[in-house]
Amino acid sequence: REGISASMQGSLDIATESWGIKVERVEIKDVRLPVQLQRAMAAEAEAAREARAKVIAAEGEQKASRAL
């Protein structure tokens, strides 16, 4: 939110500077994402979790094989 707010404030400053208006603060209160984007983000997060789980399992197997 803070990054979006800063970007918006920069754009507004550029657009309103010639009018003599200074935007003091921009605050994003609510962000709504399209359902498709939510699903894509969820799928990406799930894939990342599964990848981490595989790495942890492989490290466990490696430690077990070294112990034997």
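The values are calculated or read from the model by the stated rules, or taken from the named source; none is laboratory data. The structure displayed is predicted, hence computed values, not measured ones. Ideal geometry is used to build each Cβ from the backbone, glycine not excepted, and the neighbour counts take in all protein chains shown. Note: areas computed on protein heavy atoms with side chains; ligands, DNA, RNA excluded. Shrake-Rupley method; radii C 1.70, N 1.55, O 1.52, S 1.80 Å.
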Given the condition out of contact with any Ser or Thr (no Cβ under 7 Å at 6 or more places or on another chain) and open to solvent by less than 100 Å² (accessible area, probe 1.4 Å), answer yes or no: does some residue in region 22-29 qualify? no
For region 30-49, the count of residues that are open to solvent by less than 100 Å² (accessible area, probe 1.4 Å), of a type in the set (D, E, K, R) and at pLDDT 95 or above equals 1
Listed by first then second residue, the pairs whose first member lies in region 35-47 and is on the phi < 0 side of the Ramachandran plot and assigned to a helix (DSSP H, G or I), whose partner is surrounded by 10 or more Cβ atoms within 10 Å (Cβ to Cβ) and not aromatic (Phe, Trp, Tyr), with beta carbons under 8 Å and at least 6 positions apart or on separate chains, are 41/33
By residue number, the members of region 5-34 that are over 27 Å from the mean Cα position of the chain (by Cα) and in a helix (DSSP H, G or I) are 15, 16, 17, 18, 19
